[in-house]
Amino acid sequence: MEEKRFVYLDYNATTPLREEVAEEMIKYLNVGNPSSPHWSGREAKSALDSAREKIAELIEADIHEIIFNSGATEGNNTVIKGIVFYEMKKGRTPFIISTKVEHSSVLRPLEFAREMGAKVELIGVDSYGLPDPDDFRKAIKKNGKPSLISVMLVNNETGVIMPVEEIAKIAKENDVLFHTDIVQGVGKVRINLKEIGADFAVFSGHKIYGPKGIGVLFIRKQTPLEPLLHGGKQEDGLRAGTQNVSGAVGIAKALELCENEREEEMRRLRKIQRIFEEMILEIDGTKINGHPEFRIPTTSNVLFKGIEGETLLMALDLEGIAVSIGSACSAESKTPSHVLMAMGLSQEEAQSSIRFSFGLFTKEDDIYYTVEKIKKIVSRLRR
Ligand SMILES: Cc1ncc(COP(=O)(O)O)c(C=O)c1O
């Protein structure tokens, strides 16, 4: 019997842990508490410090600006709630401007902020998934100076690269703090937080072939923020709790590998994406959701007109091919993608769209295999 083939095309949901990363992490699974003032604690602290230095260097930040936490969900919650609590403590009404296509770990805290009495304005996007920076200027003119502007660097569902530098510039011109969720951009596009002009940025280890449950929150020096977790004085008092030392070692190693290989790897994946999209567009009623140019090489969101995305996903799963509908976090809720709806797709079109995301172990051959299976399934479903 032919062995079942497994193809993983869901790198935006999570990436496999790289062997080189696991090898580094194993050395630090059994270490002391980095806050302990003895040899065991010093060993752990030294590993943590080295990881912090490596990350700071790679994203052009200062070591004091790197906070380890559990991941981007925590990071986004910390920034948004931290600003809301800070403003409220000062007796002011928080006002945050963001976009309609952010990840749920930004949108849900914003909903919470609204319930707490904050003002929230969400900027829409065009049919390519891009917000117009001018809309941020207009929102400031209409509502006054916000406490924070938050815009993701790369959209997780479409791979669209957002004009964050331009929006951050508008934030700076108005003396407003700027936050960016860089989860889907790290390792794929060049990250220089100084150039972007970000005051806050977040990413997760498991999206860059590192471990799950570890993330980095960048906070520009002396930026006011109320911590989400209160307790010990770890992470400059901004994130209480004993640090995940092996996780920190892992995310630093993963980032280093991604950055060293980024340009060559993205060239390789751009070719894979081109082949995939050319072949997919040969199928009747298909369309790529997202901008043709401002898009990372690792994400293709495809509309299959008249086909239920859920059915296609399950049929592909039976063939050993892993893909997703929208983001992994909203997969269970079965609601149509808020990102695609914001881009003007109908509910039916949004539910007929599938996200394919490529990565380190994706080979050209996987693409031929996948498209061949899709063609067969689509023609069967359309019969
Ligand atoms: C853009 C974006 N932000 C935040 C997150 C949340 O990351 P985590 O689940 O690691 O907290 C994700 C995960 O899919 C994401 O894609």
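Taking segment 114-129 as the range and being away from the ligand (no atom under 16 Å from the Cβ) and either under 22 Å from Ile182 (Cβ atoms) or not hydrophobic (A, V, I, L, M, F, W, C) (or both) as the test, the residues that pass are Arg114, Glu115, Gly117, Lys119, Val120, Glu121, Ile123, Gly124, Asp126, Ser127, Tyr128. Considering only residues in segment 174-222 that are under 20 Å from Lys253 (Cα atoms) and hydroxyl-bearing (Ser, Thr, Tyr), the one that is farthest from the ligand (Cβ to nearest atom) turns out to be Tyr209. In segment 1-52, of all residues being farther than 30 Å from Gln273 by Cα and under 22 Å from the mean Cα position of the chain (by Cα), the one that is nearest to the ligand (Cβ to nearest atom) corresponds to Ala51. Going by the structure shown, is Asn192 at pLDDT below 95 and either open to solvent by 10 Å² or more (accessible area, probe 1.4 Å) or not assigned by TED's automatic domain parsing to the domain that holds Glu102 (or both)? Yes.
Yes/no matrix, rows are residues, columns are (1) open to solvent by 40 Å² or more (accessible area, probe 1.4 Å); (2) in contact with a Pro (Cβ under 6 Å, 6 or more places away or on another chain); (3) among the basic types (Lys, Arg):
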position: Asn155; (1), (2), (3): no, no, no
position: Pro163; (1), (2), (3): no, yes, no
position: Glu166; (1), (2), (3): yes, yes, no
position: Val176; (1), (2), (3): no, yes, no
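Pairs meeting the criteria (first residue in segment 7-19 and under 17 Å from Gln184 (Cα atoms) and of a type in the set (D, E, K, R), second residue open to solvent by less than 20 Å² (accessible area, probe 1.4 Å) and at pLDDT 95 or above, beta carbons under 8 Å, at least 6 apart or on different chains) are Asp10/Val323; Asp10/Ser324; Asp10/Arg355; Asp10/Ser357. Annotation note: of Leu360, Leu340, Leu345, the sole residue that is over 19 Å from Pro292 (Cβ atoms) and aliphatic (A, V, I, L, M) is Leu360. Considered as a group, the residues in segment 68-113 that are part of a loop (DSSP other than H, G, I, E, B), more than 11 Å from the ligand (Cβ to nearest atom) and at negative phi include one that is nearest to the chain's Cα centre (by Cα), and that residue is Lys100. Being free of Cβ contacts under 8 Å to residues at least 12 places away in the same chain, open to solvent by 10 Å² or more (accessible area, probe 1.4 Å) and outside the structural domain of Ser337 (by TED's automatic domain parsing) holds for only one residue in Gly91, Gly124, and it is Gly91.
Scanning segment 195-205 for residues that are crowded, with 24+ Cβ neighbours inside 10 Å and either farther than 14 Å from Leu58 by Cβ or over 13 Å from the mean Cα position of the chain (by Cα) (or both) returns Ala198, Asp199, Phe200, Val202, Ser204.
Listed by position, the strands (runs of 3 or more DSSP E) inside segment 264-383 whose residues that are in contact (Cβ under 8 Å) with a residue 24 or more places away in the chain number at least 2 are 299-304, 353-357.
The values are calculated or read from the model by the stated rules, or taken from the named source; none is laboratory data. It should be emphasised that the depicted structure is a prediction, and the values quoted were computed from it without experimental measurement. As a convention, Cβ positions derive from the backbone with ideal geometry for all residues, glycine included, and neighbour counts pool all protein chains shown. Just the protein is used for accessible areas: all its heavy atoms, side chains included, with ligands, DNA and RNA removed. Shrake-Rupley method; radii C 1.70, N 1.55, O 1.52, S 1.80 Å.
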